[in-house]
Amino acid sequence: MAMVDVDWITSTQVAIVAGKGGVGSSTVAAAYALAAARIGADVLFVSVDGRPGMGPLLGGRELDDREHILRKLKGAGQVRGRTIPADQAFGDYLELKGVGGVLRRAASAASLPMVAAATPGLEHLLVLGKIKELARDGAADLIVVDAPPAGHAAPFLRSATGLSDVVQSGPVREQAVEVDEMLRDPDRCRAMIVTLPEETPVTEAVELAVEFQRDIGLALLPVVANGCWPDRPGLEKSPAMAARSHKVKLSAATKAALASSAEFGWARLERQRHQLARLAAEIGEPMALLPRLPTPRLTLHQLGDLADALVEPLVDAEDLT
Amino acid sequence: MSASTDESLADVVAEANLLVTCGPGGVGKTTTAAALGLAAALAGRKVVVVTVDPARRLADALGLDEGAAADEPHHVADVAADSDGELWALMLDAASTFDRLVREQTTSRKQADAILQNPVYRAISGSLAGAQEYMAIERLHQLHTSGDWDLVIVDTPPSRHAIDLLEAPDRLIGFLGHPVYRALTAGQRAFAKVTNAAASMFLWAVRRLAGPQIVEDTVEFFRSLANIEPGLRRRAEEVSVLLRSDTASFVVVSSPRAEAIGEAEHLVGALRDGGFPFGGVVINLIHPVPEPIPVADRAELEGLEDGPLLDHVAWHDELTDLALAEREELAALADLAEDVPVIELPLMPVDVHDVDGLTDLAVRLSG
């Protein structure tokens, strides 16, 4: 078997997987967790917004706010999973700061919505703070964070820097500073940006990369282009020409059938090549290309195919431009 | 009412005064909203499409340049030139809409400035519980009542639960009715005299967590907000009635991916349960089904070696499998739609990014 450089998979403690809506970032986060477990890592999968279906996709039960083993791999690692609701993070945080039981329950139940309204980004910060605690306590070899979708990933991660503008002192500021330190340390935390080889998603991925690197100081893992059609250079030829080079004779009906798919396919592939080149040129990071699976509904088995594709050699940005 | 053939949103586009598109992210919702607007403009109406999408997808689709000022309608030139209709687009800026609301609801400039300059207000006006969604609705109300428009289309933020938007007025009212908020703002007493237990707890928690300065700012902010509360409350109730009136129509946009379909089904249920007028479903980005390869010719295509013909056959079969599986997924959503139109839009070989592409979509939507 060829040697493949998969060091990046466990190059950091906390991997935040993010993409705008509809690019499949949750699925990629799950595939990443599985790929890491396969090479022996003990992985904790954290869903920030508790999106349904992620636990079963990884082979276990639906995620909740307590940790469960989702999948144990024979002779390798495992994937555990949980969600982190803001109110629980708030309660844990108060406990950590030595606030007593009764008072803590009263405070977290009655006032989180109000405290959160008064201190914007607090809920996000509490969740990131909890992830930071888990990483510090060595809760797993790798924590894969399925970040909130659809334009909320950057505000989620910016909560630490944003809060320090409003909050000048106190434990929230300390927490913000500590989370900020974690986000800026590539050994502790990196982001995986997920996109599709299409125009708008690529534009958004480039914006996200700038926000992460420049505004937040967050280093990147390989950029993932999800849903890539396999390249089929033969589609450039007409079905008749293609048949000739195989010395096969096709009926008119078959030629028409192949032509009906090829016209659409070739245009999409041209588009895909163009967009991948643009993504590579503008972000300049190594990329992982994941296949478009011929199904609208992903199974456990197909998640394995995506995990396989993640450990393929990365594509250098230069090779695509 | 309508059969499965000749499905069209032509009636909705011609008759509604308010149109709300909702759906999960990444399904082409903004493009659909713009195409519906264009369809209405082509039918001779004066239309404004409001989007809150921070990625400015509508700007891309309509060729508006980046420099366009936020929160004001821009005329989309070169559109519907042959009809009496006009298409305008507006990028919503939640914070500046909130500013406008504060100015409208306060009685003096001093009162308004007290709120607008409060550091807590500055930080939260874009993120207050449900504020962004509420502001989309608020802007819709302003545009609707201005009398300048035949049709106002609002493209909602992507949401797993449409209720985020629909419940936003209730959430804001709920926030204003929170016992802690009430205790802090009641009677304009000095903050030291707040005696309500929950409010004391709140102040204690904020002070302990975030320091004393923010407590002062927060209390002051909540107090100044109390001045505009009756106005906010009244507006929220008006909007709630407006969205359920027969001048409004909701269109759910989805793609054929299982996840998106699941979310769209949830939205349809929420609209029905909430008593909102449900105008139709648009299923976007559907892969085309290729013509079938005759069974008799299959034997010839078995065991091909690598080469262009294998590329053709493999691609044909892959596309067929995907396109058929998608149609199974969306059958469930079509069933759920019952008597409202369901429009299926194919995935185009190239992305829609100009007025020609939008015009093509507009024609497909309104038949």
Practice task
Answer yes if at least one residue in segment B:300-320 is over 20 Å from residue A:249 (Cα atoms), crowded, with 16+ Cβ neighbours inside 10 Å and more than 7 Å from every other protein chain (Cβ to nearest Cβ), and no otherwise.
Solution key: yes
Fill in the blank from the handout: Exactly one of A:215, A:187, A:231 is out of contact with any helix residue (DSSP H, G or I) (no Cβ under 9 Å at 6 or more places or on another chain) and acidic (Asp, Glu), and that one is A:187
Problem - Conditions (1) surrounded by fewer than 15 Cβ atoms within 10 Å (Cβ to Cβ); (2) in contact (Cβ under 8 Å) with a residue 12 or more places away in the chain; (3) of a type in the set (S, T, N, Q): number failed by residue A:251 - result: (2)
Completion exercise
Considering residues that are aliphatic (A, V, I, L, M) and at pLDDT below 70, the number found within segment B:122-143 is 5
Problem - Hey, residue B:288 modelled with pLDDT of 90 or more and at the interface with another protein chain (Cβ under 7 Å from one of its Cβ atoms) or not - result: yes
Problem - In segment A:170-197, the residues that are part of a strand (DSSP E or B) and in contact with a Leu (Cβ under 6 Å, 6 or more places away or on another chain) - result: A:189, A:190, A:191, A:192, A:193
Fill in the blank from the handout: Of those in segment B:90-99 that are of a type outside the set (Ser, Thr, Tyr) and at pLDDT below 80, the residue surrounded by the fewest Cβ atoms within 10 Å (Cβ to Cβ) is B:95
Fill in the blank from the handout: residue A:238: passes all of (1) surrounded by 18 or more Cβ atoms within 10 Å (Cβ to Cβ); (2) of a type outside the set (Asp, Glu); (3) within 14 Å of another protein chain (Cβ to nearest Cβ) but (1)
Exercise for the section: Inspect segment A:218-229 for any residue being more than 30 Å from residue A:13 (Cα to Cα), surrounded by fewer than 22 Cβ atoms within 10 Å (Cβ to Cβ) and modelled with pLDDT of 95 or more and give the result as yes or no. Expected result: no
Handout entry: The listed residue being free of Cβ contacts under 8 Å to residues at least 40 places away in the same chain and either of a type in the set (Asp, Glu) or over 22 Å from residue B:135 (Cβ atoms) (or both), out of B:272, B:244
Key = B:272
Exercise for the section: Select, from A:223, A:177, the only residue that is within 26 Å of residue A:295 (Cβ to Cβ), of a type in the set (Val, Ile, Thr) and in contact (Cβ under 8 Å) with a residue 12 or more places away in the chain. Expected result: A:223
Practice task
State yes or no: is residue A:16 more than 14 Å from chain B (Cβ to nearest Cβ), closer than 24 Å to residue A:313 by Cα and not small (Gly, Ala, Ser)?
Solution key: yes
Exercise for the section: Would you be able to say whether some residue in segment B:273-282 is modelled with pLDDT of 90 or more, on the phi < 0 side of the Ramachandran plot, buried (at least 19 other Cβ atoms within 10 Å of the Cβ) and facing chain A (nearest Cβ under 9 Å)? Expected result: no
Exercise for the section: Could you list, in sequence order, all residues of segment A:116-128 that are at pLDDT below 90 and either surrounded by fewer than 24 Cβ atoms within 10 Å (Cβ to Cβ) or within 19 Å of residue A:180 (Cα to Cα) (or both)? Expected result: A:116, A:119, A:120, A:121, A:122, A:123, A:124, A:125, A:126, A:127
Fill in the blank from the handout: Over segment A:198-227, the set of residues within 16 Å of the chain's Cα centre (by Cα), within 14 Å of chain B (Cβ to nearest Cβ), not in a helix (DSSP H, G or I) and not polar (S, T, N, Q) is A:227
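Per-residue answers, yes or no, for (1) of a type in the set (D, E, K, R); (2) over 20 Å from the mean Cα position of the chain (by Cα); (3) within 11 Å of another protein chain (Cβ to nearest Cβ):
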residue	(1), (2), (3)
A:230	no, yes, yes
A:234	no, yes, yes
A:242	no, yes, yes
A:246	no, yes, yes
A:256	no, yes, yes
A:269	no, yes, yes
A:273	yes, yes, no
A:287	no, no, no
Exercise for the section: For residue A:27, indicate whether it is under 16 Å from the mean Cα position of the chain (by Cα) and over 17 Å from residue A:303 (Cβ atoms). Expected result: no
Problem - Residue, nearest to residue B:20 (Cα to Cα), within segment B:227-261, restricted to residues that are within 14 Å of chain A (Cβ to nearest Cβ) and of a type in the set (A, V, I, L, M, F, W, C) - result: B:253
Exercise for the section: Being of a type in the set (A, V, I, L, M, F, W, C), buried (at least 17 other Cβ atoms within 10 Å of the Cβ) and out of contact with any Leu (no Cβ under 6 Å at 6 or more places or on another chain) is the filter here, so list the residues in segment B:237-261 that pass it. Expected result: B:239, B:242, B:243, B:251, B:253, B:258, B:260
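A quick yes/no check of all residues on (1) at pLDDT below 70; (2) buried (at least 20 other Cβ atoms within 10 Å of the Cβ); (3) not in a loop (DSSP other than H, G, I, E, B):
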{"position": "B:53", "(1), (2), (3)": "yes, yes, no"}
{"position": "B:66", "(1), (2), (3)": "yes, no, no"}
{"position": "B:77", "(1), (2), (3)": "no, no, no"}
{"position": "B:82", "(1), (2), (3)": "no, no, no"}
{"position": "B:101", "(1), (2), (3)": "no, yes, yes"}
{"position": "B:107", "(1), (2), (3)": "no, no, no"}
{"position": "B:111", "(1), (2), (3)": "no, no, yes"}
{"position": "B:115", "(1), (2), (3)": "no, yes, yes"}
{"position": "B:120", "(1), (2), (3)": "yes, yes, yes"}
Practice task
Please work out which residue is modelled with the lowest pLDDT, limiting yourself to segment A:63-93 and to residues that are in a loop (DSSP other than H, G, I, E, B) and not hydrophobic (A, V, I, L, M, F, W, C).
Solution key: A:85
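The values are calculated or read from the model by the stated rules, or taken from the named source; none is laboratory data. In this text, all values refer to a predicted model and were calculated from it rather than measured experimentally. Using ideal geometry, Cβ is built from the backbone for each residue, glycine included, and neighbour counts are taken over all protein chains shown.
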